[in-house]
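The values are calculated or read from the model by the stated rules, or taken from the named source; none is laboratory data. What you see is a predicted model, and the numbers here were worked out from it, not measured in a lab. All Cβ positions, glycine included, derive from the backbone under ideal geometry; neighbour counts span all protein chains shown. Surface accessibility is based on the protein's heavy atoms, side chains included, excluding ligands, DNA and RNA. Shrake-Rupley method; radii C 1.70, N 1.55, O 1.52, S 1.80 Å.
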Amino acid sequence: MKEIIPVVVINDVNDTLKTLSALREGGINCAEITFRTACAKEAIEIGVKAFPDMNIGAGTVINGDQAKQAVQAGAKFLVSPGFSDEVAVFCKENNITYYPGVVTPTEIMHAISFGYTILKFFPAGVFGGLKALKAMSAAFPQVRFIPTGGVDLSNIKEFLEFDKIYAIGGSFMMKGDIVANCKEIKRICEL
């Protein structure tokens, strides 16, 4: 079954439990807490402690220091908007799942050279969406993608039906009623 990876921005650490509870209530047991805010590490620590069975990772990890902080906080996976050699090496050395971001064939080849074949395609909507993924999948049949940015309730099913999609990432379910949005994703996708 393909996973939905909500991109979660926690601006106030006190919102962590409420936000993660809403995702779970809606039927999604995963969260990518971004390192865009000062409280990201603390939010990950709180989430991992409160929901040990939830797949909580760190997103927008752009350097080795953030990678170390995220893992120390208990992140189960790391995601980057692009490819960071430093983060890739750290994750390989520490047996941490890493989803680096790519948009070009050159970036995909670079990721493959490090042994990564599950790649975030970001921002998917800006760089050709599903049409681009289908074209690149022909050249890179070993790669599976996590499209993020440009996927929403109107097109999620179409993305998930493509066999080279590993998961869907995005923040679209975090806008408005999180529980209702997650339930709608589950309904649309019959997950």
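Here are some notes:
- Dipole magnitude of segment 151-191, debye to nearest 20 (Cβ charges: Lys/Arg +1, Asp/Glu -1, about Cα centre): 120
- Added length on full extension, which subtracts the Cα-Cα distance from 0.36 nm per residue, L153 to K68: 27.2 nm
- Taking a ≥ b ≥ c as the square roots of the Cα gyration tensor eigenvalues, segment 1-126 comes out prolate, since a/c reaches at least 1.5 and a/b is larger than b/c.
- Cα pair distances in segment 57-191, grouped into 10 Å bins until the bin that holds the longest one, percent each: 12, 41, 34, 13, 0
- Here the relative contact order of the chain, from alpha carbon pairs under 8 Å that lie six or more residues apart, stands at 21 percent.
- In the complete set of protein chains, residue-level accessible area for E107 is approximately 70 Å², probe 1.4 angstrom.
- Computed about the Cα centre, the dipole magnitude for the chain is approximately 280 debye when only Lys and Arg (+1) and Asp and Glu (-1) carry charge, each at its Cβ.
- Solvent-accessible ranking of V103, V61, V89, largest area first, probe 1.4 Å: V89, V103, V61
- Taking amide H positions as modeled 1.01 Å from N, with prolines and chain starts lacking one, the residues under 5 Å from I165 and 5 or more places away or on another chain are F145.
- Subtracting the Cα-Cα distance of N14 and H110 from their residue separation scaled by 0.36 nm leaves 30.7 nm.
- Model label points for E25 and D163, set 7 angstrom from Cα along the Cα-to-Cβ axis, are 4.0 nm apart.
- Applied to segment 92-101, the Karplus parametrisation 6.51 cos²θ - 1.76 cosθ + 1.60 on θ = phi - 60° returns per-residue 3J(HN,Hα) values of 4, 5, 10, 6, 10, 5, 10, 10, x, x Hz, with x for Gly and Pro.
- The length gained by stretching the chain between T97 and K186 to full extension, at 0.36 nm per residue less their Cα-Cα distance, is 29.6 nm.
- Helices in the chain, meaning DSSP H runs of at least 4 residues, each add -39500 (n - 2.57). Divided by all residues, the mean residue ellipticity at 222 nm is -11500 deg cm²/dmol.
- Carbon/sulfur fraction of accessible area - the chain, other protein chains in place, 1.4 Å, %: 52
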